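Structure record follows, encoded as structure tokens.
The values are calculated or read from the model by the stated rules, or taken from the named source; none is laboratory data. From a predicted model like this one, the values you see are computed outputs, not experimental measurements. Cβ sites come from the backbone with ideal geometry, for glycine too, and all protein chains shown count toward neighbours. Heads up: the accessible areas ignore ligands, DNA and RNA and are worked out on the full protein's heavy atoms, side chains in. Shrake-Rupley method; radii C 1.70, N 1.55, O 1.52, S 1.80 Å.
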Amino acid sequence: NVAEDVIWRDVALGMPLHGRDALRDAAAAYIAAFPDMRIEETSSTLAVPRLAQELTITGTHRGEFLGIAPTGRWTENYAAVITTFDEDGMMIEGALYWNALELMRQLGVIPSLEAGQVAGTATAPAAT
């Protein structure tokens, strides 16, 4: 159950969504972009009034997403969701945290980093 005036934050959108309709529209956009999307909950912790969940999200990019034309590429991303509920069990606030950079790599929008390309991670040559 989602409150009419829910506030939802999605790191990829860069601003909070206000209201049930805005949240429903955002969810519909994700589903349109990844119609075979599967969400697997890998852990959850409830500390009333909050629920924390870790998720693995997979799907094939078959529709426009954040201005990116469909690529047909399969994606896998990890996410965390924190939701807050009121005393009646209605979701009043939520936040979705996921790795947008990794998704852009999987979609081919930005190049993947090879081992050693990130500053400070290259293996030093063996001493002789």
**Report entry** the chain - percent relative contact order, Cα under 8 Å, separation 6 or more
**Finding:** 22 percent
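How large is the direction-averaged shadow of the alpha-carbon convex hull of the stretch 1-72, in nm²? Mind showing how you got there, number by number?
On the way: hull surface 22.4 nm².
With the hull built on Cα positions only, its mean projection is 5.6 nm².
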Query raised in the report: Hey, quick one: spin label on Val109, modelled 7 Å out along Cα-Cβ, who in the stretch 52-80 has an amide N within reach, i.e. under 20 Å?
Result: 56-80
**Report entry** Computed lengthening from Glu64 to Val11, 0.36 nm per intervening residue step minus Cα-Cα distance
**Finding:** 17.3 nm
Report task. Ignoring everything but the protein chains, give the 1.4 Å probe accessible area of Ile92 in square angstrom, nearest 10. Result -> 60 Å²
Report task. Using only the alpha carbons of the stretch 61-104, determine the length spanned along each of the three principal axes and report them from longest to shortest in whole angstroms. Result -> 43, 17, 15
**Report entry** Pairs of Cα atoms farther than 27 Å apart, the chain, %
**Finding:** 31 percent
